[in-house]
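The values are calculated or read from the model by the stated rules, or taken from the named source; none is laboratory data. Please read these numbers as outputs of a predicted model, since none were measured by experiment. Reconstructed Cβ throughout: ideal geometry from the backbone, glycine too, with neighbour counts over all protein chains shown.
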Amino acid sequence: MAPMSAVLSLTLLLLSFSASVAVGVSTSAEDDLVAELESLRSKSPSGVIRLDERLISRFLTSASIPRPYHLLIFFDAASLRSKPELHLPQLRSEFAIVSKSFAAHHSGLPSASKLFFCDIEFGESQASFSKFGVNSLPHILLVSPSTRSLSDSESMDTSSFSRLADAMAEFVESKTKLSVGPILHPPPVSPRQQAVLLLVLLIATPFIIKKILAGETLLHDSKVWMTGAVFVYFFSVSGSMHNIIRSMPMMLTDRDGRPVFFYQGSGMQLGVEGFIVGFFYTLVGLVLAVVTHGLVRLKSATVQRGIMFVAMVVVYWAVGKVISLDNWKTGYSVHAFWPSSWK
């Protein structure tokens with residue numbers, strides 16, 4: 001019995017040793033992957049790692065599951081960056097801002113090795129798009145530690161891209177339970193530019209004060225105020241704020257490549273379309289201003305009647321164009337109703 005007990009004990013000892021060695025090897029392999037990812041991140045100015053077929057195989061398909069990290073991947077295509085409706089350059093910049101913000105808030109913490117920001121360019125890794133099942137851009141995927149098939153990665157909702165970095169940070173926090181932290185947007189003016197502007201302001205201050213005291217600045221010129229008022233009016237009636245908020249394109253192209261300036265449908269207005277309608281509104285406003293402020297100063301009744309007739313024709317033409325465009329876009333018809341006594 002003693003020899004059997006000794007053999008059993010030796011067997012258990014060998015099994016325990018083999019298991020500990022296997023765990024040690026697995027832990028060592030995971031540490032090597034994390035260290036390599038951290039090295040790649042440190043070499044990137046934005047902290048975004050450029051993935052290719054070899055790196056995807058090493059960090060995703062060949063790595064043991066569960067992996068000790070999440071990978072947030074931005075899919076890009078250099079050939080499509082010029083298309084304004086995709087906003088790829090802006091989204092890439094916002095993705096880099098989120099990456100920098102996460103790295104800044106988690107520097108030196110264990111959580112810094114739990115999430116890595118990566119991108120894949122279509123021209124360099126076209127096969128990778130098929131592996132992830134990506135058929136359209138823009139696209140952001142999160143590969144979790146337990147994801148086995150790359151096509152099963154969690155995709156960020158494309159409707160959230162309009163909120164840029166904030167939406168990306170919320171997506172990360174909801175899926176990984178890791179806090180990105182406050183988004184560190186770059187300042188609009190660099191410190192060097194601020195120093196140059198301050199120096200110019202200091203030099204120009206005496207001359208500015210002299211002009212103000214003499215009443216010779218642009219703010220004392222009535223023509224400047226009048227021009228600014230016309231611009232504000234045009235900006236308001238042309239829907240420019242709508243175009244900025246919704247990032248509407250100036251125009252579209254049809255299947256034959258011809259430009260389209262007017263889009264039929266009340267839910268969408270192109271930039272050029274808004275400018276044209278704004279021009280009609282501004283034209284009517286300027287005509288009314290001339291009639292009410294300039295025409296009354298003329299002494300000749302004949303000239304007054306002639307200018308008034310021209311003004312009425314111009315206003316009727318401009319308002320008619322706006323009404324016909326509205327009828328075409330919405331499908332509703334606006335027409336005159338005659339008094340019943342005229343029938």
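Report the residue count in the stretch 82-123 for those that are assigned to a loop (DSSP other than H, G, I, E, B) and loosely packed, with under 15 Cβ neighbours inside 10 Å. First the steps, then the outcome.
From the stretch 82-123, those assigned to a loop (DSSP other than H, G, I, E, B) are 82-87, 106-109, 114, 122-123; that's our starting set.
From what's left, loosely packed, with under 15 Cβ neighbours inside 10 Å: 82-85, 107-109, 123.
Here the count works out to 8.
Applying the selection to the stretch 116-131, what residues are of a type in the set (S, T, N, Q), touching a Leu at 6+ places or on another chain (Cβ under 8 Å) and under 18 Å from ASP152 (Cα atoms)? Can you show your working first?
From the stretch 116-131, those of a type in the set (S, T, N, Q) are 125-126, 128, 130; that's our starting set.
Next cut, touching a Leu at 6+ places or on another chain (Cβ under 8 Å) only: 125, 128.
The one that is of a type in the set (S, T, N, Q), touching a Leu at 6+ places or on another chain (Cβ under 8 Å) and under 18 Å from ASP152 (Cα atoms): SER128.
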inquiry  = Could you tell me how many of the residues in the stretch 47-76 are without any contact (Cβ under 8 Å) to a residue 60 or more places away in the chain and outside any helix (DSSP H, G or I)?
reply    = 3
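Take the conditions polar (S, T, N, Q) and surrounded by 13 or more Cβ atoms within 10 Å (Cβ to Cβ) and apply them to THR205. Does it pass? I'd like the intermediate steps shown before the answer.
Values: polar (S, T, N, Q): yes; surrounded by 13 or more Cβ atoms within 10 Å (Cβ to Cβ): no.
Judged against the criteria, THR205 is not a match.
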query = Just for the stretch 170-208: of the residues that are hydroxyl-bearing (Ser, Thr, Tyr) and without any contact (Cβ under 8 Å) to a residue 24 or more places away in the chain, which one is nearest to SER159 (Cα to Cα)?
reply = SER174
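Considering only residues that are in a helix (DSSP H, G or I) and farther than 16 Å from LEU286 by Cα, look in the stretch 299-321 and name the one that is nearest to the chain's Cα centre (by Cα).
Within the stretch 299-321, the subset in a helix (DSSP H, G or I) is 301-321.
With the extra rule that they be farther than 16 Å from LEU286 by Cα, the set shrinks to 301-306, 320-321.
Details: ALA301: 58, THR302: 58, VAL303: 55, GLN304: 53, ARG305: 54, GLY306: 52, GLY320: 37, LYS321: 34 Å.
The selected residue is LYS321.
Let's see how each residue does on (1) among the polar types (S, T, N, Q); (2) modelled with pLDDT of 90 or more; (3) under 17 Å from CYS118 (Cα atoms); (4) surrounded by fewer than 12 Cβ atoms within 10 Å (Cβ to Cβ):
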{"site": "MET156", "(1), (2), (3), (4)": "no, yes, yes, no"}
{"site": "SER160", "(1), (2), (3), (4)": "yes, no, no, no"}
{"site": "ASP166", "(1), (2), (3), (4)": "no, yes, no, no"}
{"site": "PHE171", "(1), (2), (3), (4)": "no, yes, yes, no"}
{"site": "LYS175", "(1), (2), (3), (4)": "no, yes, yes, no"}
{"site": "LEU178", "(1), (2), (3), (4)": "no, yes, yes, no"}
{"site": "PRO186", "(1), (2), (3), (4)": "no, no, no, yes"}
{"site": "ARG192", "(1), (2), (3), (4)": "no, no, no, yes"}
inquiry  = One residue is enough: does the stretch 269-282 have a residue meeting the conditions within 29 Å of the chain's Cα centre (by Cα), more than 20 Å from ALA229 (Cβ to Cβ) and either among the polar types (S, T, N, Q) or loosely packed, with under 14 Cβ neighbours inside 10 Å (or both)?
reply    = yes
query = Considering only helices (runs of 4 or more DSSP H) fully contained in the stretch 132-246, which possess at least 3 residues that are of a type in the set (Val, Ile, Thr) and touching a helix residue (DSSP H, G or I) at 6+ places or on another chain (Cβ under 8 Å)?
reply = 222-237
